[in-house]
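Read through the structure below, which is laid out as structure tokens, and then see the notes.
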Amino acid sequence: MSYSVGQVAAFAGVTVRTLHHYDKAGLLSPSERSPAGYRLYGEADLVRLQQILFYRELGFPLDEIAAILKDPQANPVERLRDRQRQLNEEIARLQRLAEVAERAIEVQKTGVPLTPEERFEVFGEVAFDLSYATEAELKWAHSEGQREAMARADAHTKEDWRRLMGEAAAWRAELLAAFDEGEPSDGGRAMDLAEEHRLHIARWFTSCPPDMHRRIADDFVADPRAFALVVPPSRQRPGLAAYLRNAVHANAARHAGDGTDREENR
């Protein structure tokens, strides 16, 4: 028995256009034609279509499906195992996104409520990227420092944020001046600026021993969203993130022998 393209489309839950595409791609060509030239599909064609749709449901691209079906003696198990691995990775990625979305709801609620005008007045060009904030919250969810930082940020008043951002702006101006004037990143001036940044974090958010400060600075180079919290994109210079990272590492090395890490981790 033969079926028209419209009947097959209805059986399979696909569009006529899809079947035409499969035909043009050489993936599923009807075994018959009517006297008027219309496509007619037989039972073997329906079995092949069922296989195609199975592999499509698993996310295989059409060219790979064609390769699988081209050799009926070929064992598709390895391809299916590869696809299973890919699907498991995708499931893990989606689960992570679901967790990030859940944390985003909490992060969105964090902090003093401000109108858009007040937010610009206080934060200026510094933009808090919600995706970065939620990823950081998820990454450091089990960190006591992260919990303390979030709790203290939540307790800040508008005036606290005004003072905090004022300190940050003054420090940023000094950082840009040192960079523009060619001060070495491991020189005294740059290291002092790195130490000011570390103490700023400790003063307003959470204790920040040099080892933690190094990890924070590494993020400045690895993720532009992190560095944008310190220097807005409009004020950045090529190499500035690496300059600050290097200054932080140099400052951490300077403090390595003075007990700072041990003392602040008590």
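The values are calculated or read from the model by the stated rules, or taken from the named source; none is laboratory data. Bear in mind that the values here come from a model prediction, so they are computed numbers and not experimental data. Note: ideal-geometry Cβ built from the backbone for every residue, glycine included; neighbour counts use all protein chains shown. Note: accessible area is taken over every heavy atom of the protein model, side chains too, but ligands, DNA and RNA are not part of it. Shrake-Rupley method; radii C 1.70, N 1.55, O 1.52, S 1.80 Å.
For segment 47-63, which residues satisfy the criterion of being closer than 26 Å to Gln7 by Cβ and surrounded by 11 or more Cβ atoms within 10 Å (Cβ to Cβ)?
To start, the set of residues in segment 47-63 that are closer than 26 Å to Gln7 by Cβ comprises 47-58, 60, 62.
Selection gives Arg48, Leu49, Gln50, Gln51, Ile52, Leu53, Phe54, Tyr55, Arg56, Leu58, Phe60, Leu62.
I need the full set of residues from segment 157-186 which are in a helix (DSSP H, G or I) and small (Gly, Ala, Ser), in order please. Step through it out loud before you land on a result.
Filtering segment 157-186 for residues in a helix (DSSP H, G or I) gives 158-180.
Passing the criteria: Gly166, Ala168, Ala169, Ala170, Ala173, Ala177, Ala178.
Which of the following residues is more than 21 Å from Thr15 (Cβ to Cβ) and either among the aliphatic types (A, V, I, L, M) or surrounded by fewer than 11 Cβ atoms within 10 Å (Cβ to Cβ) (or both): Ala44, Ala66?
Only one candidate passes the filter, namely Ala44.
Taking Phe179, is it touching a Phe, Trp or Tyr at 6+ places or on another chain (Cβ under 8 Å), open to solvent by 30 Å² or more (accessible area, probe 1.4 Å) and either of a type in the set (Phe, Trp, Tyr) or modelled with pLDDT under 55 (or both)? Steps first, please.
On the way: touching a Phe, Trp or Tyr at 6+ places or on another chain (Cβ under 8 Å): yes; open to solvent by 30 Å² or more (accessible area, probe 1.4 Å): yes; either of a type in the set (Phe, Trp, Tyr) or modelled with pLDDT under 55 (or both): yes.
So Phe179 fits the description; yes.
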Filtering segment 203-225 for residues that are open to solvent by 20 Å² or more (accessible area, probe 1.4 Å), of a type in the set (A, V, I, L, M, F, W, C) and in contact (Cβ under 8 Å) with a residue 24 or more places away in the chain leaves a count of 4
Residues in segment 26-69 that are part of a loop (DSSP other than H, G, I, E, B) and within 23 Å of Leu80 (Cβ to Cβ) total 7
